[in-house]
Amino acid sequence: MPFQRFFHILRLAVKSIAVHRLRSTLTILGIVLGVAAVIVTVGLGEAKRSEALDNIKDLGATNIIVRSQKPLDEKKDRQGEDLLKYGITYKDLERIESTVPTVLSVTPIRVFRKEVRCLDRKFEARVVGTMPNYMELNGLTLAHGRFILPRDNDQFANVCVLGAEAAEKLFPIEDPLGHTIAIVGGHNYRVIGVTAQKAPTAGIGGSLDSQDFNRDVYIPFQTDRVRFGETLFEQRAGAYQVEKLQISQLTIAVDSVEHVRQTADVVQGLLDQFHTKKDFSVTVPLDLLEKVEQTQKLFTWLIASIAIVSVVVGGIGIMNIMLATVTERTREIGIRRALGAKRKDITVQFLVEAMTLSSAGGLLGLGLGLAGVFGVPAFLGFMHRWGYWSSVNLPLQLSVPWILRSLVVTVVVGVIFGIYPARRAALMDPIEALRHE
């Protein structure tokens, strides 16, 4: 019986709303737009958060990144007129490996830009002298061939692995494997592998640079050490830049997550003893991971709160229209009271009508939001394929918890803003209501 009574009241509420369709639609428009805005904005925030977290997770939660950086002060340590010496050294690498007990391994790399040639084709590449485990540390996969092996480092082999874009530019037609490329100033190298396409990583704060792995050329670390030496020459805008840099970055693998921060402090203190100038930085991906999660959660709540304001405004509109409805239906209320309806019955009837309005707005907003989450990226991709504009990276990710929160908010708004009109209808004097024209 209670369920039958409820459905009867719900049917009356739907009929009452359907009598004034345009007015009801305009009333719930604020709720529709508010819920849709919550779903779309939170979807965008969640997608960006996931992208940032994936970039950090690629570095490893048990890793520590030590990067060389140019000193900020103008009085730099120079030998000669144009030589700048800075950054991590081979001795630093040996000290960390031999003195810090929680360190499992240390992977050095050196990065510099050089022109790479194959016949008459040229390409400005990022040359990376690295170790065999670099591919695993950075989440790279191979499209063809193999990566650098320990024997390549031990034998100072002139071999290289090309990034996807580098391979396409230098070998647009033929298979790169087995062919030879020339790195300006560093001899010829035989291509032994090509990495698969990988999305560029975004820079995260001031701690990590953005990277495009597709433009890389990987050579053995020891080969780089003997072929290019410690001094790097670079010509830009008609001027030469000469730097003495032994190691660009160290990736330190720690034995457990619990020891990461402690090990980072030890490494920081160890390097500070031998680097009087700030020519290195220590980054803990685990700290970045936690900070990004906290920041993105705060940002998501802020954006969602602004969007929820639209839902509240829609609730005010529902209260306004329900008050007008109570006035219009004063005689109906009087008749129902005269036929035996209790104040509780009148309250429930108008409260259900308010909740029906808000719930309908929530469901329509949900449909509009889902259309935005799935439709906008698909539409942009479609337009890009037809050449109407360049590619736009607008990832959206569905957030089920926020969908449920939005629907709950719409029901709560219906209850809160429907109570006053419902109580006002219930408290009417039946005699005065029957006299109302």
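The values are calculated or read from the model by the stated rules, or taken from the named source; none is laboratory data. Source: prediction; values computed, not measured. Don't worry about glycine lacking a Cβ; one is built from the backbone with ideal geometry, like all the others, and counts go over all protein chains shown. Side chains are part of the model used for accessible areas, which takes the heavy atoms of the whole protein and leaves out ligands, DNA and RNA. Shrake-Rupley method; radii C 1.70, N 1.55, O 1.52, S 1.80 Å.
Annotations
- Accessible area of the range 88-183 divided out per residue, in Å², using a probe of 1.4 angstrom: 48 Å²
- Per residue accessible area in Å² of the range 257-365, where ligands, DNA and RNA are left out and the probe is 1.4 Å: 51 Å²
- Per-residue 3J(HN,Hα) values for the range 89-94, derived from phi via the Karplus relation 6.51 cos²θ - 1.76 cosθ + 1.60 with θ = phi - 60°, read 10, 5, 5, 4, 4, 5 Hz in sequence order (x marks Gly and Pro).
- Amide H contacts under 5 Å for ARG146: GLY193, VAL194, restricted to partners 5 or more places along the chain or on a different chain, H placed in the peptide plane at 1.01 Å from N.
- Prolate/oblate/rounded call for the range 99-207, Cα gyration tensor, a/c under 1.5 rounded: prolate
- In this rough spin-label picture, where each label sits 7 Å from Cα along the Cβ direction, the GLU258-TRP301 distance is 3.0 nm.
- On full extension, the segment bounded by PHE156 and HIS187 gains 9.9 nm, given 0.36 nm per residue less the C-alpha separation.
- Local net charge near ILE219, Cβ-Cβ under 13 Å (Lys/Arg +1, Asp/Glu -1): +3
- Relative contact order of the range 123-227, pairs being alpha-carbon contacts under 8 Å that are 6 or more residues apart, as %: 41 percent
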